[in-house]
Amino acid sequence: MSSIETLGPGLLERLPAAVRKPSYDRAALQPGMAHLGVGAFHRCHQAEYTDDLLSHRFDRWGIIGINIRPPTLADTLGRQGGLYTRLIRENDHVEARVIGSIVKVVDSQESAAPALDVLASPDIELVTMTVTEKGYCHIPSTGELDLDHPDIVHDLANPEAPRSVAGILARALEMRRAARGGKLTLLSCDNIPTNGIILENVVRSFAEWRGDGLAEWIAANAAFPSAMVDRIAPAVTRDDLGGVEQWFGYRDSAVAVGEPFRQWVIEQKFAGRMPRWDLAGATFVDDVTPFEHLKMRVLNGAQTTLATLGGLAGLEHTSDAIADPLLSVFVRRMLVEETLPTLMPVPGMEPSAYVEQSLGRLRNTAIRHRNHQIATDGSQKIVQRLLNPIRDRLSQGASIGLLSVPVAGWMAYLILASTRFGERWPVSDPYAGKIAAIADETGDDARALASAILAIDTIFEPGLAANAAFRAAVASALAKLLSDDPMAAVRHSLEQNGSRG
């Protein structure tokens, strides 16, 4: 084992032929952008697009990767000089490539100072980020800054030692203003619709609370384009790490695994220079919204549905859930009959073909995407994936009998994690404690449970929560999902909502 080398710059020229490596002079690469949240998705998506771009047109677009939350990077990416192996996996097929676009990594979990030094540097013209939905400290139902969030409370009291994304970015922009630094584009790559608007809301709202004209300076010197990103990149397993060693003969502690499909649609709204990612397959558009709605409501709506209902059925992975005949029929019918009619036209895409493509991607048995991982932070996701199409359906006077089932599924998933219901599984969701408390207080009356959860107005917009058809559908499905036969809710909804396709 001791003879096996670890990936690093010195190993690049001696990699096996089966592993693709950067085709540009990596030693000449200078940093021009920073990325917050260097997880699996970034390494499979933005960093790969940048690597493609650098191979096509070399420019000063090296990435400095920053983590302000665990995990730390120094012992993985840092030790490997920013290099890592990106594996593409589809059923039995594996394709390996070493990505070279990350030139430096910074751990800033203990203090914001290392992150601020990078973000305030005049070399940095662009900041991208994948900090997850809850990283924006926003209210999901409105997109506004959550002034009661503990990190925001802390940062407004300690603006020079911030913890939150909004506080760190506002402080970095303040430092750039003081140093007369250049303009900055801040590009969210998180899976949230109107992510640029939400990012601008939280940063400028924070700056307004700071005062001293900072919000006005940001309005004139920063841009917040929205973007739609897509590639399934599950958490890396020990098998993935061991696979690189077994197949290619070297160690890599920063492996990233993804599916073949990838997509990136970026709003053309930049403060200054931007990487020409369009030369590497990305798309620059004036309005990202149609692409966001299609992806969020179809692919992500299917993922949330399969994760929560699959989890309730005892299935471990998305591919297991969609292989279940009942869940497969349910999710296709839900998308075709109730979700697609809520979508606006998308240039160059045929919606029903997109449904089939999305379901095909979820069947990929090599992408071991655990249902519990996808269900993480569901409270931050269901508004755009399920509640918005439900609201659109109700405004059309149309049925929501299928779409309401995964909403109840999300409730049941968190309820069953409460002590009242035996803590069936551990969950990670900002509202898990609140819903556990509701479950402990309310008992097992599904109608009362649904009513109490629907009263959470930071998730459920009050007009929607008051809708009688929605309330009845959710309560009915929840009662069945909490029974000894949770899939009865799925069967019942299919029987009650005969195909209208």
Considering only the range 352-366, state which residues are in a loop (DSSP other than H, G, I, E, B) and in contact (Cβ under 8 Å) with a residue 60 or more places away in the chain.
-> Asn364, Thr365, Ala366
Just one of (1) in contact with a helix residue (DSSP H, G or I) (Cβ under 7 Å, 6 or more places away or on another chain); (2) of a type outside the set (Phe, Trp, Tyr); (3) without any contact (Cβ under 8 Å) to a residue 24 or more places away in the chain trips up Val165, so point out which.
-> (3)
For the range 323-351, enumerate the residues that are surrounded by fewer than 23 Cβ atoms within 10 Å (Cβ to Cβ) and among the aliphatic types (A, V, I, L, M).
-> Ala323, Leu326, Leu327, Val329, Val336, Leu340, Leu343, Met344, Val346, Met349
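Identify all residues within the range 2-20 that are buried (at least 17 other Cβ atoms within 10 Å of the Cβ) and either under 28 Å from Ile124 (Cα atoms) or of a type in the set (Lys, Arg) (or both); write none if there are none.
Leu7
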Mind telling me which of the residues Asp240, Asp212, Asp252, Asp230 ends up being in the same structural domain as Thr72 (by TED's automatic domain parsing) and more than 26 Å from the chain's Cα centre (by Cα)?
-> Asp212
Only one of Arg89, Arg69, Arg20 is touching a residue at least 40 places away in the same chain (Cβ under 8 Å) and over 30 Å from Gly360 (Cα atoms); which?
-> Arg69
Candidate set: the range 405-430, residues that are among the aromatic types (Phe, Trp, Tyr) and modelled with pLDDT of 95 or more; chosen: the one surrounded by the fewest Cβ atoms within 10 Å (Cβ to Cβ) = Tyr413
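Do we have Thr72 as touching a Phe, Trp or Tyr at 6+ places or on another chain (Cβ under 8 Å) and not aliphatic (A, V, I, L, M) here?
When the stated conditions are applied, Thr72 does not pass them.
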In the range 367-425, anything small (Gly, Ala, Ser) and not in a helix (DSSP H, G or I) is listed as Gly397, Ala398, Ser399, Gly401, Ala417, Ser418, Gly422
If you scan the range 214-241, which residues turn out to be at pLDDT 95 or above and not aliphatic (A, V, I, L, M)?
-> Glu216, Trp217, Asn221, Phe224, Pro225, Ser226, Asp230, Arg231
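The values are calculated or read from the model by the stated rules, or taken from the named source; none is laboratory data. Everything numeric in this text was worked out from a predicted model, so none of it was measured. Quick reminder, even Gly has a Cβ in these numbers, built from the backbone with ideal geometry, and neighbours come from all protein chains shown.
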